[in-house]
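Structure, as structure tokens:
The values are calculated or read from the model by the stated rules, or taken from the named source; none is laboratory data. Bear in mind that the values here come from a model prediction, so they are computed numbers and not experimental data. Note that we place each Cβ from the backbone using ideal geometry, even for glycine, and neighbour counts take in every protein chain shown. Just so you know, the surface numbers come from the protein's heavy atoms only, side chains and all, with ligands and any DNA or RNA stripped out. Shrake-Rupley method; radii C 1.70, N 1.55, O 1.52, S 1.80 Å.
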Amino acid sequence: MLAGKRVLLIIGGGIAAYKALDLIRRLRERGAAVTPVLTRAGAEFVTPLSVSALAGMKVFHDLFDLTDEAEMGHIELSRSADLIVVAPATADLMAKMAGGQADDLASTLLLATDTEVLLAPAMNVRMWEHAATQRNTATLKDDGIGFVGPNAGDMACGEHGPGRMSEPLEIVAAVEARLAQGPLAGRRVIVTSGPTHEPIDPVRYIANRSSGAQGTAIARALAGAGAEVVFVTGPADVPPPDGVEVVAVETAQEMLEAVEAALPADAAVFAAAVADWRVASAGARKIKKEGGKLPVLEFAENPDILATISRMEAGRPPLVVGFAAETDDVVDHATAKRARKGCDWIVANDVSPATGIMGGAENAVTLITADGAEAWPRMSKADVAQRLVARIAEALG
Ligand code: CTP
């Protein structure tokens, strides 16, 4: 989360400037305030109107247009931010920065600032590989300027190679890595959430009553504590929280693959209600009624994501937290489940219908660790999440 953070975004002149619009949106979604500065060349690619509409504030665009000089000079503009991001950073802007030139608003801000600067270069591959640009990059890195990208790939000019600007979410991650605060800043946590849907045929599936509320609350609390969160969610009722990377899946198999792709992580919280079985005979065609004959479904066991990750020999997250949905003998079953699955903690809850927990707003959990069982009072799922996240922060140190 970037709540309360101020980012000064300088948009240079390049075709990648269109991605800066999405970047503004993504930063604001995470709670950052974005002050946009558009270079003269940048304004050839995106309009001041679209930039200011997305940023929700006026766009600054030229040194001599700074009519607000009296109330907010360029020095103040550059220093009031928590981070300056240049996206796209053109070869020209980088050359100006490396040479200490200040002949327009953007280069003047960059010279006058004492704030940390992050560049997202974007240029033709030959320009990027040119000795002058490489020299400038080395100089800027020596000066303490941060870089994200460029990526390699197909370019708008038809060539291929390094020079493509990083995607908005990659830039956001780089911004968060610099600005995030909280006990879990710099930590990466994977959360699974929601039910899974296991197809019977192309139109029918097997599901369960999980709403995704508890997993969503945990992901939100983790992001609020500054963690970088990968939120792997089945088809849940509640929308995913802001400020997390959402990976939407349907089946248990897809969920396992998404979790494995999201590793490495400092911790993983498996709050999803994963279907234990899938229909082995699920096919590409809808099952039809055949003169009163009942269909017979054959099942196969799904991979156990929690157990698979808990038992990884290399690359296991240092803290693996599972859930146990039980209807009777909650502590005994959950304690056995912790040992069976090999995870560090189990958050056990009683999901018997009388409790109203499954799909409800509250939860009454028992935390099972190596030290034993700790019953928490009944509280909202948001409070359970906060308390669990505080424990995770404590455990990760
Ligand atoms: N889990 C998982 N993959 C599965 C099944 C469960 O990752 N295929 C995880 C859940 O996310 C949860 C924990 O395992 O963190 C326990 O889930 P639960 O449904 O309580 O346990 P089961 O393994 O289904 O055991 P049982 O049905 O015997 O209670």
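Numbers for the structure displayed
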{"read-out": "Over 20 Å [Cα-Cα, the stretch 292-397], rounded percent", "value": "48 percent"}
{"read-out": "Carbon + sulfur, % of accessible area of the chain - ligands and nucleic acids excluded, 1.4 Å", "value": "51 percent"}
{"read-out": "Spacing of the two label points (7 Å from each Cα toward its C-beta) at residue 18 and residue 47, in nm", "value": "1.5 nm"}
{"read-out": "Potential extension, residue 181-residue 76 segment - 0.36 nm per residue separation minus Cα distance", "value": "35.4 nm"}
{"read-out": "The stretch 188-396, accessible area per residue, ligands and nucleic acids excluded (1.4 Å, Å²)", "value": "48 Å²"}
{"read-out": "Accessible-area value, residue 47, 1.4 Å probe, nucleic acids and ligands omitted, Å²", "value": "70 Å²"}
{"read-out": "Charge context of residue 342, other residues only, Cβ under 11 angstrom, K/R +1, D/E -1", "value": "+4"}
{"read-out": "Spatial separation of Cα centroids for the stretch 247-304 and the stretch 1-50, in angstrom", "value": "40 Å"}
{"read-out": "Helical segments meeting 27 Å axial Cα length and Kyte-Doolittle 0.5 threshold in the chain (DSSP H)", "value": "none"}
{"read-out": "For the stretch 122-168, accessible area per residue (1.4 Å probe, heavy atoms of protein chains only), Å²", "value": "53 Å²"}
{"read-out": "For the stretch 307-318, Karplus couplings with θ = phi - 60° (6.51, -1.76, 1.60), whole Hz, Gly/Pro x", "value": "5, 4, 6, 4, 9, 4, 7, 10, x, 5, x, x"}
{"read-out": "Per-selection Rg to Rh, the chain - Cα, Kirkwood hydrodynamic radius", "value": "1.07"}
{"read-out": "Separation in nanometres of the label points that stand 7 Å from Cα toward Cβ, at residue 387 and residue 355", "value": "1.3 nm"}
{"read-out": "Global size of the stretch 162-297 as Cα Rg and Dmax, reported in angstrom", "value": "18.5, 65"}
{"read-out": "The stretch 241-248 - phi-based ³J(HN,Hα) in whole Hz, Karplus 6.51/-1.76/1.60, Gly and Pro as x", "value": "x, 6, x, 10, 8, 9, 10, 8"}
{"read-out": "Surface/4 estimate of mean projected area, convex hull on alpha-carbon atoms of the stretch 354-397, nm²", "value": "3.6 nm²"}
{"read-out": "Column: log10 I(q)/I(0), Debye, Cα scatterers of the stretch 110-187, q = 0.11, 0.19, 0.25 Å⁻¹", "value": "-0.35, -0.90, -1.19"}
{"read-out": "Descending semi-axes in whole angstrom, ellipsoid equivalent of the stretch 292-341, from the Cα gyration tensor", "value": "30, 19, 7"}
{"read-out": "Chain lengthening between residue 298 and residue 159 when straightened (0.36 nm per residue, less Cα-Cα)", "value": "44.9 nm"}
{"read-out": "Overall Cα dimensions of the stretch 6-178, principal axis frame, Å, largest first", "value": "44, 32, 31"}
{"read-out": "Alpha-carbon Rg/Rh ratio, for the stretch 188-396, with Rh computed the Kirkwood way", "value": "0.99"}
